[in-house]
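Beneath this line is the structure, given in structure tokens, with notes to follow.
The values are calculated or read from the model by the stated rules, or taken from the named source; none is laboratory data. The shown structure was predicted, so the numbers you read here are calculated from the model rather than taken from an experiment. Here the Cβ positions follow ideal geometry from the backbone for every residue, glycine too, while neighbour counts run over all protein chains shown.
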Amino acid sequence: MPVITDNIKKTLSESLYLYYSTLKNGDLAVLSTIMTQESYHITLESLGFKRAFKDLEFKELLKNIDSSKEDLHRAEKIISCDLRADSIERNINVADFESNGNDRIILHYNEDGNPKKMYFSSSSRKWKINHKAGRKTS
Amino acid sequence: MSKKTSVNERRKFMKILGLGAIATASSALARGPGGGSGGDTVELTEEQKDTLYFIFQEEKVARDVYITLGKLYPNENTFANIQLSEQEHILSAQVLCERYGIDTSAVNLSLEDPYVGLFDLHEMQKLYDDCVALGQSSLLEAVRVGILIEVTDIKDLEEASVDMPSDVVNVYANLKDGSLNHLAAFEASEKSLLSY
């Protein structure tokens, strides 16, 4: 089991805080750089869900973000505006780091007092948020 | 796994993951290789295992939404009836994971507070919270949340077969029946509410 160094802990913690700050200020360009592409799209779908429930045109946009860059950009624009309008501040505290195989780490943290997990995977020595890296592999 | 499959399976998430239906497939799988499904059991790729586990986590979202909306609207029998089915779905999803050696112990499936409506991933928490918030506004909206979940379940089932082992694929057809029944119940409820 690989050791989780202080450097790695710092990197992952910074990603976690950056993740929440981008959700607050709607900076999706930054958000997209700290997540795997698949996870980023999952996050966009989650962020856009409530609007999509009521707005059929937006729902169609969201459906196409994997296949159409134009629709992706249009959806990002709308979601970004919504995030900025909501500007939700979360109280985030890192709790623990758990190795999950050779190239995965689970970051345990508290979001407004509720326990949460952020899954990370490493590729080419770069750690990224990966929602599908939660399966225990060790 | 092909890119197409990966995207399709990932998309289950937003669609509220209805994966309920896919999860139910595990009931048949639990009977063993070829147990009624006529399938050949194969090894899943690591990516497919990740997807199955993700789906299992997602399944809890649908179940918990129905439980919470059922408590909000105790006189709406549709939620109560479908809750039972959804619980079976999630347990089946667990069986499916375990059948392929995937550890599910990190997900607490308890029906007690505070576990219902509590999720490890922020994204799943948000989906649950949004569904409940939408459903809280009125019974009609709650029923429409149910319709959305079931519609996406059915669509996902049709997409999910791609590149998956035949023992999983063969049971998907049975699963659609459950979701179609749920959908019909929600649509009847919506129609009834609109007629008042």
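List of remarks:
- Filtered residues of the range A:112-123 (kept if surrounded by fewer than 17 Cβ atoms within 10 Å (Cβ to Cβ) and either within 12 Å of chain B (Cβ to nearest Cβ) or farther than 15 Å from A:Thr137 by Cβ (or both)): A:Asp112, A:Gly113, A:Asn114, A:Pro115
- So B:Ser85, is it within 20 Å of B:Ile147 (Cβ to Cβ) and either of a type in the set (Lys, Arg) or in a helix (DSSP H, G or I) (or both): yes
- Taken over the range A:39-69, the criterion of being among the hydroxyl-bearing types (Ser, Thr, Tyr) and either in contact with a His (Cβ under 6 Å, 6 or more places away or on another chain) or not in a loop (DSSP other than H, G, I, E, B) (or both) is satisfied by A:Ser39, A:Tyr40, A:Thr43, A:Ser46.
- Of all the listed residues (A:His41, A:His108, A:His73, A:His131), the sole one being facing another protein chain (nearest Cβ under 10 Å), surrounded by fewer than 16 Cβ atoms within 10 Å (Cβ to Cβ) and either free of Cβ contacts under 8 Å to residues at least 60 places away in the same chain or not charged (D, E, K, R) (or both) is A:His108.
- Some residue of the range B:70-92 being within 14 Å of chain A (Cβ to nearest Cβ), closer than 27 Å to A:Ala133 by Cα and within 11 Å of the chain's Cα centre (by Cα): no
- Of the criteria (1) out of contact with any Lys or Arg (no Cβ under 8 Å at 6 or more places or on another chain); (2) more than 9 Å from chain A (Cβ to nearest Cβ); (3) closer than 22 Å to B:Gly178 by Cα; (4) of a type in the set (D, E, K, R), which one B:Arg144 fails: (2)
- Selection from the range B:112-134 of residues that are part of a helix (DSSP H, G or I) and of a type in the set (Phe, Trp, Tyr): B:Tyr128
- Filtered residues of the range B:96-127 (kept if surrounded by 21 or more Cβ atoms within 10 Å (Cβ to Cβ) and more than 9 Å from chain A (Cβ to nearest Cβ)): B:Leu96
- Sole residue being closer than 20 Å to B:Lys60 by Cβ, modelled with pLDDT of 90 or more, aliphatic (A, V, I, L, M) and in contact with a Cys (Cβ under 8 Å, 6 or more places away or on another chain), chosen from B:Val145, B:Val132: B:Val145
- Top-ranked residue of the range A:44-57 - restricted to ones that are buried (at least 18 other Cβ atoms within 10 Å of the Cβ) and either more than 10 Å from chain B (Cβ to nearest Cβ) or of a type in the set (Gly, Ala, Ser) (or both), ranked as nearest to A:Leu18 (Cα to Cα): A:Ser46
- Subset tally (residues that are in a loop (DSSP other than H, G, I, E, B) and polar (S, T, N, Q)) for the range A:1-20: 1
- Boolean, A:Ser80 is more than 12 Å from chain B (Cβ to nearest Cβ), part of a helix (DSSP H, G or I), surrounded by 15 or more Cβ atoms within 10 Å (Cβ to Cβ) and modelled with pLDDT of 95 or more: yes
- Search result, residues across the range B:120-148 that are closer than 26 Å to A:Gly134 by Cα and touching a residue at least 24 places away in the same chain (Cβ under 8 Å): B:Asp120, B:Leu121, B:Glu123, B:Met124, B:Leu127, B:Tyr128, B:Cys131, B:Val132
- When A:Phe97 is tested against (1) in a strand (DSSP E or B); (2) within 11 Å of chain B (Cβ to nearest Cβ), exactly one condition is not met: (2).
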